[in-house]
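Trainee: Sending over a structure as structure tokens; questions will come in a sec.
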Ligand SMILES: [Fe+2]
Ligand SMILES: [Fe+2]
């Protein structure tokens with residue numbers, strides 16, 4: 001661990017690597033849902049294992065399939081050589097933005113739920129409870145904790161985007177308050193219309209919140225931290241994901257989002273095409 005990284009990250013425990021692409025995800029007590037075939041984040045372990053695998057006897061067709069299937073979670077933090085077909089690691093910024101993708105899909109779920117309530121179309125409140133549970137465990141207790149522990153302090157110590165970071169911190173707290181209220185109402189099974197303004201307020205706050213992080217905060221952090229510490233933080237995030245969410249936290253969150261989307265009839269992306 002470099003000295004630069006120590007300035008930013010406090011202590012970590014080693015953990016096993018993630019599954020390779022397209023392996024089934026087993027359910028465990030800390031998992032959010034059982035998943036089948038879902039995109040995976042790439043790890044160094046996967047890269048090494050895949051390289052060994054390819055060097056033995058895999059067919060060219062198999063190679064193409066593996067590469068395509070995993071590309072949605074792969075990122076490049078080292079220049080790829082022309083003859084290097086290995087999968088690159090996910091950088092911290094990409095990791096956080098992929099988690100914003102989960103958040104955005106839950107915001108679409110909230111939007112759909114609010115519309116159903118407004119039109120008296122009926123809404124299974126257990127779906128709301130599940131979506132709010134994802135917000136609590138994946139977004140608030142994991143994603144936002146990483147921002148608060150590793151990203152924001154680096155900008156604050158450098159006196160960069162100080163007002164913006166203060167607003168983002170306040171919004172994290174307000175978001176937790178709103179999630180408490182959504183969970184309380186959905187669990188009670190009564191006064192469901194009271195969820196509508198909460199859904200709308202949550203969406204209204206979090207879309208620009210995440211967009212500002214993607215376009216201002218994460219690029220500034222990347223600029224400040226330096227290449228080596230940035231790379232090491234990617235490994236730290238991977239460790240934390242396993243420690244806090246179980247071995248397949250991201251994958252399980254995506255699978256649970258997909259399940260709720262299907263239940264609400266918003267799973268067909270093509271229907272969003274104007
Ligand atoms: Fe945030
Ligand atoms: Fe965020």
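Trainee: Please find, within the range 160-183, the residue that is surrounded by the fewest Cβ atoms within 10 Å (Cβ to Cβ) out of those that are away from ligand 2 (no atom under 13 Å from the Cβ) and farther than 20 Å from residue 198 by Cβ.
Mentor: 163
Trainee: Sticking with this structure for a sec: Please go through (1) crowded, with 16+ Cβ neighbours inside 10 Å; (2) closer than 21 Å to residue 143 by Cα for residue 195 and return the number of the only condition it doesn't satisfy.
Mentor: (2)
Trainee: Also, quick follow-up: For residues in the range 150-159 being touching a helix residue (DSSP H, G or I) at 6+ places or on another chain (Cβ under 9 Å) and either assigned to a helix (DSSP H, G or I) or without any contact (Cβ under 8 Å) to a residue 60 or more places away in the chain (or both), which is surrounded by the fewest Cβ atoms within 10 Å (Cβ to Cβ)?
Mentor: The extreme case among them is 157.
Trainee: Hey, can you tell me all the residues within the range 199-221 that are over 17 Å from residue 101 (Cα atoms) and within 11 Å of ligand 1 (Cβ to nearest atom)?
Mentor: Once the filter is applied, which keeps residues that are over 17 Å from residue 101 (Cα atoms) and within 11 Å of ligand 1 (Cβ to nearest atom), the range 199-221 yields nothing.
Trainee: Could you list, ordered by first residue, the pairs with Cβ atoms under 6 Å in which the first is in the range 168-194 and within 19 Å of residue 117 (Cβ to Cβ) and the second is within 16 Å of ligand 2 (Cβ to nearest atom), at least 6 apart or interchain?
Mentor: 178/202; 179/135; 179/136
Trainee: What's the number of the only condition in (1) in a helix (DSSP H, G or I); (2) out of contact with any strand residue (DSSP E or B) (no Cβ under 7 Å at 6 or more places or on another chain); (3) farther than 16 Å from residue 144 by Cβ that residue 247 fails to meet?
Mentor: Going through the list (1) in a helix (DSSP H, G or I); (2) out of contact with any strand residue (DSSP E or B) (no Cβ under 7 Å at 6 or more places or on another chain); (3) farther than 16 Å from residue 144 by Cβ, residue 247 breaks only (1).
Trainee: So which residues in the range 125-160 are closer than 26 Å to residue 245 by Cα and away from ligand 1 (no atom under 16 Å from the Cβ)?
Mentor: Result: 125, 126, 127, 128, 129, 130, 131, 132, 133.
Trainee: For residue 211, state whether it is within 16 Å of ligand 2 (Cβ to nearest atom), without any contact (Cβ under 8 Å) to a residue 12 or more places away in the chain and in a helix (DSSP H, G or I). Steps first, answer last, please.
Mentor: Numbers: within 16 Å of ligand 2 (Cβ to nearest atom): yes; without any contact (Cβ under 8 Å) to a residue 12 or more places away in the chain: yes; in a helix (DSSP H, G or I): yes.
Answer is yes for this residue.
Computed from the coordinates by the stated procedures, all read-outs in this text should not be read as laboratory data. Since the structure is predicted, the reported quantities are computational estimates derived from the model, not experimental observations. No Cβ is skipped: glycine too gets one built from the backbone with ideal geometry, and neighbour counts run over all protein chains shown.
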